[in-house]
1. Which of the residues belonging to the stretch 240-268 are free of Cβ contacts under 8 Å to residues at least 60 places away in the same chain, among the aromatic types (Phe, Trp, Tyr) and not in a loop (DSSP other than H, G, I, E, B)?
2. When the stretch 119-146 is examined, which residues are found to be closer than 26 Å to PRO93 by Cα and either assigned to a loop (DSSP other than H, G, I, E, B) or over 20 Å from the mean Cα position of the chain (by Cα) (or both)?
3. Taking the residues in the stretch 81-116 that are of a type in the set (Ser, Thr, Tyr) and in a helix (DSSP H, G or I) as candidates, determine which candidate is nearest to the chain's Cα centre (by Cα).
4. Which pairs have Cβ atoms under 6 Å, sit 6 or more apart or on different chains, and link a residue in the stretch 132-156 that is open to solvent by 30 Å² or more (accessible area, probe 1.4 Å) to one that is charged (D, E, K, R)?
5. Please indicate, with yes or no, whether at least one residue in the stretch 269-285 is in contact with a Cys (Cβ under 8 Å, 6 or more places away or on another chain), of a type outside the set (Val, Ile, Thr) and part of a helix (DSSP H, G or I).
6. Residues to consider are GLY283, GLY327; find the one that is modelled with pLDDT under 90 and within 21 Å of MET131 (Cα to Cα).
7. Determine whether the stretch 135-148 contains at least one residue that is closer than 20 Å to HIS55 by Cβ and hydrophobic (A, V, I, L, M, F, W, C).
8. Take PRO20 and tell me if it is within 19 Å of GLY108 (Cβ to Cβ), at pLDDT 90 or above and of a type outside the set (Lys, Arg).
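The values are calculated or read from the model by the stated rules, or taken from the named source; none is laboratory data. These numbers come from a predicted model, not from an experiment. Cβ atoms come from the backbone with ideal geometry, glycine included; neighbour counts cover every protein chain shown. Each accessible area value is taken on the protein alone, full model and side chains, heavy atoms only, with ligands, DNA and RNA left out. Shrake-Rupley method; radii C 1.70, N 1.55, O 1.52, S 1.80 Å.
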Amino acid sequence: ATYQYTAWIIVAVAAAMLYPQAFTRWGDVDLRNKWLILIIIQLVMFGMGIQMSIHDFAGLRSSGKGVLIGLFCHFTVMPLMGLLLTRLFRFEPEIAAGVILIGSCSSGLASNVMVYLAKANLVLSVVVTAMATLAAPFLTPLLLKLLAGTLINISFINMMMEIIKIVIVPIFAALLHDYLKQASPAGKRAIRIASLIAVGWFMFLTGGGWHLLEETGTQPQILQAIEIFSFLAGAVLTGFLYHQLTLRFPRLDSIMPLLSMFGIIYFTTVTTAAGRENLMRVGFLLFICSVIHNGAGYFFGYWLSRLFGLDNDSARTVAFEVGLQNGG
């Protein structure tokens, strides 16, 4: 049971490599459709966010130094190692940019699990993960622009907006659900009113409001801001409705991580199928590169933390936070 998830990933990759045509289209449905992938990744992040809590941020005061060191190591060691490895292995531009992108992502909840198993500083791990996740929409596009901007065409603003949709919106919805668990009557009433406003806003948009905004020549930047506002309004509505569902079905919170696992397996399968030819050509080198990349994250995460004066448990925690990336 412990290795069941790993086994599913191996099965998914093997199936996609052997039968790529089965995982690219089903009839008229493109399995890599942008909106389909967006919804599935949001589901993954929502399932991960369900395991987070507003109280996770309470440890910031007691572990401030460790958090700063963790964030510094996380957003320097892995991106720079990614750049170095792409120069060393001479990957083609898209794959090189992918390696750098993986290094520029925030840490995921897997690092919290590993820190728990290693009996290290769990409070520090949770806070670093939370802060790195919030910083990702700004730092990930910035690092990719700086380090991989010559490899592929990167729009900083567009990428930042996409990561806000993918990461911040679903986690905001999950944290809103967590807030409603202990909210005062006034707080619950405020969220209910906000949800009704969100419903009204979506009725306006679907009733021709968005088309009207485009026809009246609204500036692209304003349309982008309205789009992000709409996603955040959707997060409020989702968090509220999900909370109401959990009141009727209390086991729903324990099921959500399984849906996250399904989502990760889904886009692992379809992206492997789509990139099969590239993987056949550079798969072994990419595997070696990944091992070195992660190993360097653990090594430098630990020893830089010790150099900056963190205790052994905190240094081990930072090692996991630096080496484990939420690359999906």
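1. Answer for the stretch 240-268, where residues must be free of Cβ contacts under 8 Å to residues at least 60 places away in the same chain, among the aromatic types (Phe, Trp, Tyr) and not in a loop (DSSP other than H, G, I, E, B): just PHE262.
2. LEU146
3. SER104
4. From the stretch 132-156, the pairs are PHE156/LYS145.
5. No: zero hits.
6. Within the list GLY283, GLY327, the selection yields GLY327.
7. Residues of the stretch 135-148 closer than 20 Å to HIS55 by Cβ: 135.
Keeping just the survivors that are hydrophobic (A, V, I, L, M, F, W, C) gives 135.
Yes, some residue in the stretch 135-148 is closer than 20 Å to HIS55 by Cβ and hydrophobic (A, V, I, L, M, F, W, C).
8. no
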